[in-house]
Amino acid sequence: MLKRCYRVQESQVRYWAQQAVELCEEIDDESLNEVRDGLLDSIERMGADRRVVMLGATRSGKSELLAGMVGAPVIGRVEPAHHYLRWRYMNNDGDSAHCRFLPEPNLFGMELVNTRGCENPLVAEAVAPLLPGADVVVAVVDARTLQDSPVWALLAPLPEEGGPACMVALTHTDALDAEHTVTLSDTVRQLCRERVGRALPVYQVNPTNAALADAFGDKVVEAMESSSGGLRAAIREVMRRGSDLLYKQGSILKARDAVARTDSGFLQGIEQEIDNFLARQMQGVRNCVLNYAASAQRSMPKLLLHLRRSMGWFLSPVVLLRLESYASAAENLYYRLVLDDVTLQQEELDKQFVHSCGGHWRSVRPRMKQTLQCEIGDFPAEELEKELEQLRQRLQSSLYEPFRYLRIRSHFASLFKCQVDWMRFFTTCLCLSLTAAGLLGFFALESLAFIFLGVAAAFWMLGTLIHLLVVRKICQLVRKDAEPLRENLSGHMAALVQDMIVSRVAAYRRLYTDPRKRVAEYETSLAPLQQRQSEIFRQLRSSAPHV
């Protein structure tokens, strides 16, 4: 009888192979991915439907023979509405035009393709794409019309190796005389060599005889299982790939067991190297703090140049109106200048730090792989740089504290406020002189008007001279008021720089968290994984002893 064999073995092998795949996630090793994917492909191929295609001319007995092979008379009574009809135990998978449900549990995972008369070119064209994916192709040939059978043209393109198993079923042999019946099989084999290019197994069948049809179904099952793409070969392939995966898993677990037994002194040695690295970094704290404090001096010329440009070279009412905002603007500018200089220095130090960490990481990587069988990968520079950027932002937010402590803004405000009275006096005199000159000129008193214009010019020139002297004095006082900032920055940033260096090294130390966790997990989870791997391997090997 036509059926799908090895159902129990297939189910057991699939279950334990899936267990091996799930074990990969718990082992979590990238080297298993390729072998695991190959096993999943083999499992999918093993679960594919086994296809049997019946070819033949109209009234050659295809449907009756298929019905006898399956033991389902309904097959013989249903004529394909289109070019072919697929009988399946499962649903029609969306192909309602060609697929029908067959309630035979033995055929679970089978697909039986019954074709219409292949002498029709349209039928032959529609059936041809189904043949390469078939497991067995049964050419049903009417013994009365051997030479005219349309199946020879369909079988000829199929490859001898790697293709479906092909066989010839001779029907209507009872219509021949005894002499032709004796030599019929030899004649058909010779015809196969001529038309197909190779010898094919030939069987004389009688579709109306249930016993003979059932026996022929056994021959089809035998051909299907002996082919390179049969279910037996597919089960063997799953078992082979599953064993390969389990062997690889076992080697990984064995290596981890060696790691777990390794003295933890290796990781302690790495920690000691990082501690030494931190000690060397801390030796440069003093120079780093002095360089940061010197930013106050380096930024002063830019601040004074900005003040000179803002206050101008001549006495102007605009300067008087803007005096109140100069203090806030000067302090903010000074803070930004110092901040930019400190940030620039810190970025350069961070680049050197990342470069040093990269060199140490590259020296640790081969030692880690050799000693702990742990691949830590390339140096994660981007991850470290992100943390360093956050540390720089924290340093920048703390840099304003010395400015607020020294009350630089209030000093600047009192300095500019002292200039209001004399600037207001000269500006008022200048405006009154110009107003008087304008009125006298309006009444045609030109001589007096020119005198007041001269007075206005004198006030403006005198005020401008005083303005220049005051600007110079303001710059000197600003420089003097800012002198304590350097010392205050030095005292304030000593703790900040130390914290910065400790935090940077801690960020680099955290990059080794995964290897440390991995070694720690090996000690707790290794024994259950080894036990499970061994059990899966044993069950998989015993799942199909007869396959």
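The values are calculated or read from the model by the stated rules, or taken from the named source; none is laboratory data. Computed from a prediction, not measured in an experiment: that's the story for all the values here. Glycine also receives a Cβ, built like all others from the backbone with ideal geometry; neighbour counts cover every protein chain displayed.
Would you check which residues across segment 433-449 are touching a Phe, Trp or Tyr at 6+ places or on another chain (Cβ under 9 Å) and surrounded by 14 or more Cβ atoms within 10 Å (Cβ to Cβ) and list them? Matches in segment 433-449: 433, 434, 436, 437, 440, 441, 449. Touching a residue at least 40 places away in the same chain (Cβ under 8 Å) and of a type in the set (Val, Ile, Thr): is that true of residue 27 in this structure? Answer is yes for this residue. When residue 110 is tested against (1) under 43 Å from the mean Cα position of the chain (by Cα); (2) farther than 17 Å from residue 67 by Cβ; (3) modelled with pLDDT of 85 or more, just one condition goes unmet, and that condition is (2).
Residue-level analysis places residue 53 outside the set of residues that are within 34 Å of the chain's Cα centre (by Cα) and either part of a strand (DSSP E or B) or over 28 Å from residue 121 (Cβ atoms) (or both).
Listed here are the residues, each with its yes/no results for (1) of a type in the set (Asp, Glu); (2) closer than 23 Å to residue 480 by Cβ.
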site: 299; (1), (2): no, yes
site: 305; (1), (2): no, yes
site: 310; (1), (2): no, yes
site: 315; (1), (2): no, no
site: 328; (1), (2): no, yes
site: 335; (1), (2): no, yes
site: 348; (1), (2): yes, no
site: 352; (1), (2): no, no
site: 361; (1), (2): no, no
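The single condition from (1) surrounded by fewer than 19 Cβ atoms within 10 Å (Cβ to Cβ); (2) over 30 Å from residue 252 (Cβ atoms) that residue 113 fails is (1). Residues that are surrounded by 13 or more Cβ atoms within 10 Å (Cβ to Cβ) and free of Cβ contacts under 8 Å to residues at least 12 places away in the same chain within segment 452-472 comprise 457, 458, listed in sequence order. When the residues of segment 161-181 are filtered to those that are touching a residue at least 60 places away in the same chain (Cβ under 8 Å) and part of a loop (DSSP other than H, G, I, E, B), the one that is surrounded by the most Cβ atoms within 10 Å (Cβ to Cβ) is 164. Kindly establish whether residue 464 is under 30 Å from residue 274 (Cα atoms) and polar (S, T, N, Q). When the stated conditions are applied, residue 464 does not pass them. Within segment 205-258, the set of residues being touching a Ser or Thr at 6+ places or on another chain (Cβ under 8 Å) and polar (S, T, N, Q) comprises just one member, 206. Among the candidates 388, 384, the residue that is at pLDDT 85 or above, of a type in the set (A, V, I, L, M, F, W, C), in contact with a Cys (Cβ under 8 Å, 6 or more places away or on another chain) and surrounded by 14 or more Cβ atoms within 10 Å (Cβ to Cβ) is uniquely 384.
Residues that are at pLDDT 75 or above and among the small types (Gly, Ala, Ser) do not occur anywhere in segment 399-410.
Does residue 401 count as among the acidic types (Asp, Glu), surrounded by fewer than 18 Cβ atoms within 10 Å (Cβ to Cβ) and in contact (Cβ under 8 Å) with a residue 60 or more places away in the chain?
Numbers: among the acidic types (Asp, Glu): yes; surrounded by fewer than 18 Cβ atoms within 10 Å (Cβ to Cβ): yes; in contact (Cβ under 8 Å) with a residue 60 or more places away in the chain: yes.
Spelling it out, residue 401 is indeed among the acidic types (Asp, Glu), surrounded by fewer than 18 Cβ atoms within 10 Å (Cβ to Cβ) and in contact (Cβ under 8 Å) with a residue 60 or more places away in the chain.
Identify, from the list 269, 250, the residue that is touching a Phe, Trp or Tyr at 6+ places or on another chain (Cβ under 9 Å) and either among the small types (Gly, Ala, Ser) or not in a helix (DSSP H, G or I) (or both). Result: 250 is the single residue among 269, 250 that is touching a Phe, Trp or Tyr at 6+ places or on another chain (Cβ under 9 Å) and either among the small types (Gly, Ala, Ser) or not in a helix (DSSP H, G or I) (or both). Looking at segment 81-91, can you tell me whether even one residue there is out of contact with any His (no Cβ under 8 Å at 6 or more places or on another chain), surrounded by 14 or more Cβ atoms within 10 Å (Cβ to Cβ) and either under 30 Å from residue 256 (Cα atoms) or aliphatic (A, V, I, L, M) (or both)? Looking through segment 81-91, at least one residue is out of contact with any His (no Cβ under 8 Å at 6 or more places or on another chain), surrounded by 14 or more Cβ atoms within 10 Å (Cβ to Cβ) and either under 30 Å from residue 256 (Cα atoms) or aliphatic (A, V, I, L, M) (or both). Of the residues making up segment 210-232, at least one is closer than 28 Å to residue 9 by Cβ, within 54 Å of the chain's Cα centre (by Cα) and among the basic types (Lys, Arg). Annotation: residue 194 fulfils all but one of (1) surrounded by fewer than 18 Cβ atoms within 10 Å (Cβ to Cβ); (2) under 34 Å from the mean Cα position of the chain (by Cα); the unmet one is (2). For residue 396, are the conditions met, namely being crowded, with 18+ Cβ neighbours inside 10 Å, polar (S, T, N, Q), touching a residue at least 24 places away in the same chain (Cβ under 8 Å) and part of a helix (DSSP H, G or I)? Considered against the rule, which asks whether it is crowded, with 18+ Cβ neighbours inside 10 Å, polar (S, T, N, Q), touching a residue at least 24 places away in the same chain (Cβ under 8 Å) and part of a helix (DSSP H, G or I), residue 396 comes out as no.
Looking at 61, 68, 56, can you tell me which residue is over 26 Å from residue 233 (Cα atoms), buried (at least 19 other Cβ atoms within 10 Å of the Cβ) and either in the same structural domain as residue 250 (by TED's automatic domain parsing) or at pLDDT 90 or above (or both)? Walk me through how you get there before you give the answer.
Values: 61 fails: either in the same structural domain as residue 250 (by TED's automatic domain parsing) or at pLDDT 90 or above (or both); 68 fails: either in the same structural domain as residue 250 (by TED's automatic domain parsing) or at pLDDT 90 or above (or both).
Going through 61, 68, 56 in turn, just one is over 26 Å from residue 233 (Cα atoms), buried (at least 19 other Cβ atoms within 10 Å of the Cβ) and either in the same structural domain as residue 250 (by TED's automatic domain parsing) or at pLDDT 90 or above (or both): 56.
Inspection of segment 414-429 identifies no residue that is charged (D, E, K, R), closer than 30 Å to residue 477 by Cα and not in a helix (DSSP H, G or I). Each residue in segment 418-450 was checked for being modelled with pLDDT of 75 or more and of a type in the set (D, E, K, R), and 2 pass.
In segment 208-243, how many are surrounded by 15 or more Cβ atoms within 10 Å (Cβ to Cβ) and under 18 Å from residue 37 (Cα atoms)? Residues meeting the conditions: 9.
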